[in-house]
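Each remark here refers to the structure printed beneath this line.
Read-outs: derived from the displayed coordinates by stated rules, not from any lab. All values reported here derive from a predicted model rather than from experimental measurement. Cβ placement follows ideal geometry from the backbone for every residue including glycine, while neighbour counts extend to all protein chains displayed.
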Number of protein chains: 2
Amino acid sequence: MKLPEKVIIKEVGPRDGLQNEPHQVSTENKAAWIDRLSESGLSYIEVTSFVHPKWIPQLADAAEVLSSIQRKPGITYAALVPNRHGLRRALDAGVDEVSVFMSASESHNKNNINKSIAETLPVLKEVVTEAKASGKTVRGYLSTVIACPYEGAISPEQVREISARLFDMGIDELSLGETIGVAVPPDVERLLEVLIPEFSNDRLAMHFHDTRGTALANISKSLEMGIHTFDSSLGGLGGCPYAKGASGNVATEDLLYMLQAMGIETGIQMERLLEAGELMESLLGRSLTSRQLELYRKAERG
Amino acid sequence: MKLPEKVIIKEVGPRDGLQNEPHQVSTENKAAWIDRLSESGLSYIEVTSFVHPKWIPQLADAAEVLSSIQRKPGITYAALVPNRHGLRRALDAGVDEVSVFMSASESHNKNNINKSIAETLPVLKEVVTEAKASGKTVRGYLSTVIACPYEGAISPEQVREISARLFDMGIDELSLGETIGVAVPPDVERLLEVLIPEFSNDRLAMHFHDTRGTALANISKSLEMGIHTFDSSLGGLGGCPYAKGASGNVATEDLLYMLQAMGIETGIQMERLLEAGELMESLLGRSLTSRQLELYRKAERG
């Protein structure tokens, strides 16, 4: 089984996780949590989103979060931006990298962004152009790359076409989101067989939700195909608020376990991650559900 | 990705699940649950164990369970036996198939069976010989095939040697148990690359525990290597009482989801399984933790 020697884990919990949490976390506590994550060896943290607070009130304090955290050299602190207004707020707040987002399915895009795909593309093009002109790298998120909650299966060809539009705009990396957590390894293989030859494994990341327990199986298949960048969320926080039945992202610590057991380098220390997980549990007032946190709690109890 | 067209799921919950449950389930309730499982399309159910009740009091009613269930044609109702005495009780109770068991690691075998590997082999040989003479098929369970809780990694060569001894005795199928749930797909590949050429994929089954969330990833790799028989436990019940940190078997319904999404035939109906899962939850007075049961409960709540 041929596997990459190194993998980059991009922690999206502070954005993709907290945007779905009914429980409000204060700016100070968010910053404390992000600072704890910064101590774990992660090299990339998506800290917030500059989407209008009307849509995501949980992240209304985006600029304050960015100014409150202790930035550690070598870590990219990124944020999601929906349009030029959001981009300017993110640039003013001194973000390292911005992410733009859309869906591969027309109806999920409409539900999530309130625009058709054709209407979304020029908006993203403006953002990417301006961000690049400001010297920032740009990440694209494409969701529903395997299936859409409204339309069912999405073809690799459809994903390929929209991915090409995004790369043509100048994005540096594309994160392929399996938004509703229905995929199994053969689906991942069919998709990546189309995308990798065209866009290269070095510019693609996979973003799996673990709704049906298949995320690690899908990541294992992605690794075999040469993908070496994965999004995940500490404690499995997160999910898409506009996709019925979508539950959390794959848990960073469970992904880390698998990578470590495969002998793949990540630079991340499990113990530090689990401490950050326990902090988040105390801030949210509930248990998170990763296997590693369960084992950690059992070990602590003796 | 080459996958088998059909897979046999062997449900081990009534034995491997219940033997680890602190909550006592009555014989009548066990039989009601097994009858519900029989309605799901499963073709194999391991219903109990004839290990001495001193060791596993939860299954002291083995013979009564077998006489209380409604046997459905086409289903194999199997039971675990530790020795000739257990075999005779199982034969008297009219079991369809018996399973014998041992470990690939010396210290786990000692802890689990209270005998060395060398002392265990002749005992199993007697059982297998007598069972075959009685016209029964015999399944072997070999545990700790990837790692042992006391010794760490177990080599494929060690597993190969003991497997050869078991097949030489006349067992019909060998179930390879990843007892402590630490394996990742490359471990599975290394093991099966040694075992399949020697014993054939048609005579090997995989038995994964999902302690670290990697069971479906390991099953996906096993499928690619040609394995088409898997053990699982409804609701993820079970675990090994003598292996520290070992938690439940992979959940039958989560395995079924993955197989169905891969287009693999199993003959099992998800809805019937989930109903059996809800029955078990009410009998145990606690929630089971599979993804499919969680989604089912969410859907029922609307």
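Here are a few things to note about the model shown:
- Assigned charges on the beta-carbon of Lys, Arg, Asp, Glu; the stretch B:8-300 dipole about Cα centre (debye): 560 debye
- Per residue, the convex hull volume that the Cα atoms of chain B enclose (Å³): 118 Å³
- Extension gain, A:GLU265 back to A:ALA118 (0.36 nm per residue minus Cα-Cα distance, nm): 48.9 nm
- Once the C-beta distance of B:ASN29 and B:ARG203 is scaled by a Förster radius of 25 Å, the resulting FRET efficiency is 0.10 to the nearest 0.05.
- The chain B residue nearest the rotation axis shared with chain A, using its Cβ and rounding the distance to whole Å, is B:ALA217, 2.
- Among the chymotrypsin sites (Phe, Trp or Tyr not before Pro) in the stretch A:52-144, none is located in a DSSP loop while being surrounded by at most 14 other Cβ atoms within 10 Å of its own Cβ.
- Antiparallel %, DSSP beta bridges [both residues in the stretch B:8-300], to 5: 10 percent
- Screening chain B for DSSP H helices whose Cα atoms reach 18 Å or more along their own axis and whose mean Kyte hydropathy is at least 0.0 gives B:117-133, B:185-199, B:270-284.
- Sum of side-chain charges, A:ASN109 neighbourhood, beta-carbon under 10 Å (Lys, Arg +1; Asp, Glu -1): 0
- The B:ASP172 and A:ALA153 beta-carbon pair, evaluated with R₀ = 35 Å, returns a calculated FRET efficiency of approximately 0.30.
- In whole percents, the pair-distance distribution calculated for the stretch A:31-119 from its alpha-carbon pairs, binned every 5 Å from zero, is 3, 14, 23, 21, 17, 11, 7, 4, 0.
- Environment charge at A:ILE69 (Cβ cut-off 15 Å; Lys +1, Arg +1, Asp -1, Glu -1): -4
- Label-point spacing for A:GLY74 across the identical copies (point 7 Å from Cα in the Cβ direction), in nm and ascending order: 6.1.
- Loop-resident trypsin sites (Lys or Arg not before Pro) (DSSP state other than H, G, I, E or B) in the stretch A:1-98 with no more than 10 further Cβ atoms inside 10 Å of their Cβ: A:LYS2, A:LYS54.
- Electrostatic tally near A:SER222: other residues with Cβ closer than 13 Å to its Cβ, Lys and Arg +1, Asp and Glu -1, net -3.
- Shielding of peptide A:219-229 by partners, expressed as the average count of other chain Cβ atoms within 10 Å per residue Cβ, is 2.
- Of A:LYS2/B:LYS2; B:LYS10/B:LYS72; A:LYS54/A:LYS125; A:LYS6/B:LYS221; B:LYS2/B:LYS298, those spanning more than 25 Å from alpha-carbon to alpha-carbon: B:LYS2/B:LYS298
- At 7 Å out from Cα toward Cβ: A:ASP202 inter-copy label distances (nm, ascending): 4.8
- Across the identical copies, the 7 Å label point of B:GLN24, projected outward along Cα→Cβ, sits 5.2 nm from its counterparts, in ascending order.
- In the distance distribution for the protein assembly as shown, Cα-Cα pairs more than 46 Å apart total 20 percent.
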